[in-house]
Amino acid sequence: MSRTHRITVLAGDGIGPEVMAEALRILDAIETRGNFNVARTAHLVGGAAIDATGHPLPPETLLACEQGNAILFGSVGGPRWEHLLPDLQPERGALLPLRKHFDLFANLRPGICLPALTHASPIKQEFIADGFNVLCVRELTGGIYFGSPKGRHEIQGEPVAFDTMIYKKSEIERIARVAFTAAMGRTKRLLSVDKANVLASSVLWRETLIEIAREFPEVELSHMYVDNAAMQLIRRPASFDVLVTENLFGDILSDEMAMISGSLGMLPSASLGNPGSNGLSFGMYEPSGGSAPDIAGKSLANPIAQILSLAMLLRFSLGETAAADSIENAVSLTIRDGFRTVDIATGRPDEIKVGTAAMGEAILARLDP
Ligand code: IPM
Ligand code: MG
């Protein structure tokens, strides 16, 4: 009997729908090979949802997400909606509530620069000759993003505004376990990034990481202040493996990582809740890059980030490991064979310049039979 799963597809705005179309074609092909079935329902989110309903995350979209095992997310936002109040803007008004609603506290953001694509990185070639592969584990539902109180008022006639950076020990423990587990599956090194020389929340963060390390005696834990980490990432990205950090630091460092990898269009991400007894988590999977409204509809977007996000979904939420491996392998072969969308092209004569659909096609052709 074939296994059945259910996911919600939220393509969103900008390049979202066109890269999503390629990911769904891959999903069609991989289902028939893998003896499983993924039921999908597509719903509105972001600017598209604002235009249709007035809200970036309509209740019916949230309800649909609750029915599935995972959300495959495209991207949201664009200049059209930038004038709206922050909470009604596509990015903030959809992403933050989705993360909070499903308690998606563990954000996995790989920053990968393949040796064949180092030219696309803004970092000097001598520092990244062999490429690099960093995994940023970002705490996603705590810290200053959600801490209360936050607000704005007046003191002696002058406006003041404030946010609260707060962590419960249990919130740090659970993200630490995700990070240590990820490190176990890689080179068994974990770097915790904090600001323990200034922030009380970082002191608790560091203490807790040291405590949880006892559960993972094989993993070598080290610590770095966030300002130093920002420098070292540029100077010696290849020395990093898995790093774990709180929400705001992770927001900033993961963008830096994505930029220096030179291939924003190739980076997936996963936002995961607590794993169930079967080891699988409800999760939301999305490209690390944004909606790129400037290139939307021109068939220029690289669909690889969306396709690799699908692979992460199959791995972490559906347990379809063989299918995930097959997709990741097909992407590597496609790069090896020289296929390049404009974001990763150099103009070398051996490259095959392709648009969005042709890149999807090339990957499709390289899936295991
Ligand atoms: C991200 C984004 C979001 C964040 C914004 C859009 C709210 O920058 O996913 O990194 O800050 O988390
Ligand atoms: Mg960000």
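The residues of the range 118-138 that are part of a strand (DSSP E or B) and open to solvent by less than 60 Å² (accessible area, probe 1.4 Å), listed by number, are 132, 134, 135, 136, 137, 138.
Residues checked against (1) within 13 Å of ligand 1 (Cβ to nearest atom); (2) in a helix (DSSP H, G or I):
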{"residue": "250", "(1), (2)": "yes, yes"}
{"residue": "254", "(1), (2)": "yes, yes"}
{"residue": "258", "(1), (2)": "yes, yes"}
{"residue": "265", "(1), (2)": "no, yes"}
{"residue": "271", "(1), (2)": "yes, no"}
{"residue": "274", "(1), (2)": "no, no"}
{"residue": "281", "(1), (2)": "no, no"}
{"residue": "288", "(1), (2)": "yes, no"}
{"residue": "291", "(1), (2)": "yes, no"}
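Checking 214, 189, 152 one by one, the residue that is among the basic types (Lys, Arg) and either closer than 30 Å to residue 336 by Cα or touching a residue at least 40 places away in the same chain (Cβ under 8 Å) (or both) is 189 and no other.
Every residue in the range 236-257 that is among the aliphatic types (A, V, I, L, M) and within 21 Å of residue 189 (Cβ to Cβ), please.
If the condition is that a residue be among the aliphatic types (A, V, I, L, M) and within 21 Å of residue 189 (Cβ to Cβ), then 238, 242, 243, 244, 253, 257 are the ones that fit.
Of all the numbered requirements in (1) more than 24 Å from residue 265 (Cβ to Cβ); (2) in contact (Cβ under 8 Å) with a residue 12 or more places away in the chain; (3) open to solvent by 30 Å² or more (accessible area, probe 1.4 Å), residue 105 misses one, and that requirement is (3).
Matching residues to (1) surrounded by 15 or more Cβ atoms within 10 Å (Cβ to Cβ); (2) within 16 Å of ligand 1 (Cβ to nearest atom):
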| residue | (1), (2) |
| --- | --- |
| 140 | yes, yes |
| 145 | yes, yes |
| 153 | no, no |
| 163 | yes, yes |
| 178 | yes, no |
| 186 | no, no |
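Tallying residues that are assigned to a helix (DSSP H, G or I) and either among the basic types (Lys, Arg) or on the phi > 0 side of the Ramachandran plot (or both) within the range 78-117 yields 4. Within the range 54-77, restricting attention to residues that are away from ligand 2 (no atom under 16 Å from the Cβ) and part of a loop (DSSP other than H, G, I, E, B), the residue that is most open to solvent (accessible area, probe 1.4 Å) is 67. Here the condition is being of a type outside the set (S, T, N, Q), within 16 Å of ligand 2 (Cβ to nearest atom), open to solvent by 50 Å² or more (accessible area, probe 1.4 Å) and under 19 Å from the mean Cα position of the chain (by Cα); of 253, 243, 248, 233, it holds for 248 alone. Quick one: would you say residue 274 is away from ligand 2 (no atom under 16 Å from the Cβ), assigned by TED's automatic domain parsing to the domain that holds residue 307, open to solvent by 10 Å² or more (accessible area, probe 1.4 Å) and in contact (Cβ under 8 Å) with a residue 60 or more places away in the chain? Against the criterion (away from ligand 2 (no atom under 16 Å from the Cβ), assigned by TED's automatic domain parsing to the domain that holds residue 307, open to solvent by 10 Å² or more (accessible area, probe 1.4 Å) and in contact (Cβ under 8 Å) with a residue 60 or more places away in the chain), residue 274 qualifies.
The values are calculated or read from the model by the stated rules, or taken from the named source; none is laboratory data. Please read these numbers as outputs of a predicted model, since none were measured by experiment. Cβ coordinates were reconstructed from backbone atoms using ideal geometry, including for glycine residues, and neighbour counts include every protein chain displayed. Surface areas here come from the heavy atoms of the whole protein model, side chains and all, with no ligands, DNA or RNA. Shrake-Rupley method; radii C 1.70, N 1.55, O 1.52, S 1.80 Å.
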